[in-house]
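Everything below concerns the one structure shown next.
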Amino acid sequence: MAPAQNTVNSKHVAVIGAGASGLIAARELHREGNTVVIFEREKQVGGLWIYSPKTESDPLGLDPTRPIVHSSVYESLRTNIPRECMGFTDYPFVPRVGDVSRDSRRYPSHREVLAYLQDFAREFKLVEMVRFETEVVRVEPVNGKWKVRSKNSGGFSDDEIFDAVVVCSGHYTEPNVSLISGIKSWPGKQIHSHNYRVPGPFKNEVVVVIGNFASGTDISRDIVKVAKEVHIASRAREPDTYEKLSNNLWIHSEIEKACEDGSIVFKNGKVVYVDTIVYCTGYKYKFPFLETNGYMSIDDNRVDPLYKHIFPPALAPGLSFIGLPGMGLQFVMFEIQSKWVAAVLSGRVTLPSPEKMMEDVLASYETLEALGFPKRYTHKLGKIQGNYLDWIAEECGCPPVERWRAQQVNRGYEGLLTNPENYRDEWKYHDLTEEAYEDFARKKLISFPPSHYLESGR
Ligand SMILES: Cc1cc2nc3c(=O)[nH]c(=O)nc-3n(C[C@H](O)[C@H](O)[C@H](O)COP(=O)(O)OP(=O)(O)OC[C@H]3O[C@@H](n4cnc5c(N)ncnc54)[C@H](O)[C@@H]3O)c2cc1C
């Protein structure tokens, strides 16, 4: 859609969350001339990347009254894609040359990501926009504006009116726990990866890890160092799968049932007596503060209705969501989505009519169904993420995602699937890394020549 002419105006916008998505949203909104307040219930910026050894009182995260611990980061976590493709487009996530306190690895630890986000927030003066320790408890439309109720650490609540609200509250906090037949009378311990931090508690145990993607592969390899046995249950594998991956690590097909005598029966017929089940089965979208008089709903992890996973047609552009599609490029997706939201709010770009947006939403559901994907895949973009980002980029007049970036993320995921033990330390695609640093140098985004980073990088 062509940018609208001479219609730029400033809006007063509430951003909920100061994680990666909230920070970049605030930056883009501010750049387009809007005024921004970021509400953040933690004491610092960084969201998910603020590691805490604290876990929730209910290890499965099913008790709705439990006090929430936001982060799902475990102590050993390193990024699952190379740092060059992960960073924002004009603030590259490159090693801090000469600073020994920083992690210069290509796949750095969670601490380095937090440090990067804090640097970013300082560089663009975003910290000044944040109201820390302030939780948004209610958001509702009122006479064409948005009422935001927040509660600070002193327990005081406040109602404020904004022209728009951008939801950047993250979606890796509410555990999704798959139901296993017989689990109610199974006597062992159960925990969701949201509450996993360190392997120590699993010493000498027999553990089943359900799920074999990013968290499942990491956590099983972490626990296997101290456990007696670890058995991975994978839904993606054929029913007869049974493979020994190392001395005390096996991979099976999914679980058939759990039994009262403490055993777990897999679809491949194997029976294992198990101390603990670790669910690496993903997360659910949840926006407990949102009141849309029934217009929006969440069913089977579909946030409905959302035009291009961002705008609820009848409430747009006053309400928008950044970061819903998981996987692939995340920070860059937040950035491109935020540029669009900011351009729409300032009036530089216009959205189609609510009816047209709704037609598009329904058509996307039909496509999903025709391809045989379940509803819960609505916000999983997978291989079409590139097209999705290019489409938005064109809509708001920003450059498409760099070729090297898309290729790095694909190679990164290939490594995760084919070499889960060592992919982080055995990066082979040096041509893509060179291309990335040459691109940064051409755009004058780095302070040293590419050779400097290429020689020191691991
Ligand atoms: C274990 C794990 C590993 C990952 N690894 C990678 C990786 O290697 N690379 C990658 O690119 N992506 C990775 N991701 C994806 C990751 O989620 C994103 O990269 C990104 O950090 C998410 O940012 P966000 O801002 O959307 O959410 P968050 O970082 O979760 O931030 C949301 C913020 O909103 C605040 N908030 C929530 N509700 C309220 C409220 N009501 N009021 C006020 N504040 C509120 C929270 O306190 C939080 O600070 C990983 C995800 C997980 C779970």
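Couple of notes before you dig in:
- The set of residues in region 167-210 being more than 12 Å from the ligand (Cβ to nearest atom), outside any strand (DSSP E or B) and among the basic types (Lys, Arg) consists of LYS184, LYS203.
- Only a single criterion out of (1) farther than 24 Å from TYR196 by Cα; (2) small (Gly, Ala, Ser); (3) not in a helix (DSSP H, G or I) is not satisfied by ALA121, namely (3).
- Looking only at region 124-145, and only at residues there that are of a type in the set (Lys, Arg) and within 12 Å of the ligand (Cβ to nearest atom), the one that is surrounded by the most Cβ atoms within 10 Å (Cβ to Cβ): ARG131
- Residues (away from the ligand (no atom under 12 Å from the Cβ) and surrounded by 21 or more Cβ atoms within 10 Å (Cβ to Cβ)) located in region 106-119: none
- Scan region 323-339 for residues that are in a loop (DSSP other than H, G, I, E, B) and of a type in the set (S, T, N, Q) and the total you get is 1.
- First in region 78-107 and under 16 Å from ASP425 (Cα atoms), second anywhere and of a type in the set (Gly, Ala, Ser) and in a loop (DSSP other than H, G, I, E, B), Cβ under 7 Å, 6 or more apart: PRO95/SER104; PRO95/GLY457; SER104/GLY457; ARG106/GLY457
- So PHE39, is it aromatic (Phe, Trp, Tyr) and under 15 Å from the mean Cα position of the chain (by Cα): no
- Meets criteria (part of a loop (DSSP other than H, G, I, E, B), over 30 Å from VAL136 (Cα atoms), near the ligand (Cβ under 9 Å from one of its atoms) and at pLDDT 95 or above) for TYR74: no
- Candidate set: region 314-337, residues that are more than 12 Å from the ligand (Cβ to nearest atom) and out of contact with any Ser or Thr (no Cβ under 7 Å at 6 or more places or on another chain); chosen: the one farthest from VAL361 (Cα to Cα): ILE336
- If you go through region 47-98 and pick out every residue that is among the basic types (Lys, Arg), in contact with a Phe, Trp or Tyr (Cβ under 8 Å, 6 or more places away or on another chain) and over 23 Å from GLY282 (Cβ atoms), you end up with 1.
- Filter result (of a type in the set (S, T, N, Q) and surrounded by fewer than 24 Cβ atoms within 10 Å (Cβ to Cβ)) within region 320-374: GLN330, SER346, THR350, SER353, SER364, THR367
- Scanning region 51-96 for residues that are among the aliphatic types (A, V, I, L, M) and exposed (fewer than 15 other Cβ atoms within 10 Å of the Cβ) returns LEU62, ILE68.
- Unique match (being more than 15 Å from the ligand (Cβ to nearest atom) and either assigned to a loop (DSSP other than H, G, I, E, B) or surrounded by fewer than 18 Cβ atoms within 10 Å (Cβ to Cβ) (or both)) among ASP103, ASP99: ASP99
- Some residue of region 9-32 being more than 15 Å from the ligand (Cβ to nearest atom), in contact with a Ser or Thr (Cβ under 6 Å, 6 or more places away or on another chain) and either outside any loop (DSSP other than H, G, I, E, B) or not assigned by TED's automatic domain parsing to the domain that holds ILE161 (or both): yes
- Which listed residue, of VAL303, VAL272, is assigned by TED's automatic domain parsing to the domain that holds PRO239, at pLDDT 95 or above, farther than 11 Å from ALA233 by Cα and assigned to a strand (DSSP E or B): VAL272
- Remark: SER157 matches the filter, which requires a residue to be among the small types (Gly, Ala, Ser), surrounded by fewer than 18 Cβ atoms within 10 Å (Cβ to Cβ), within 14 Å of the ligand (Cβ to nearest atom) and more than 26 Å from the chain's Cα centre (by Cα).
- Within region 388-408, residues that are in contact (Cβ under 8 Å) with a residue 12 or more places away in the chain reach partners that are basic (Lys, Arg) with beta carbons closer than 7 Å, at six or more positions or on different chains, in the pairs ILE392/LYS308; CYS396/LYS339; CYS398/LYS339.
The values are calculated or read from the model by the stated rules, or taken from the named source; none is laboratory data. Predicted model, so just to flag it, every value in this text is computed and none were measured. No Cβ is skipped: glycine too gets one built from the backbone with ideal geometry, and neighbour counts run over all protein chains shown.
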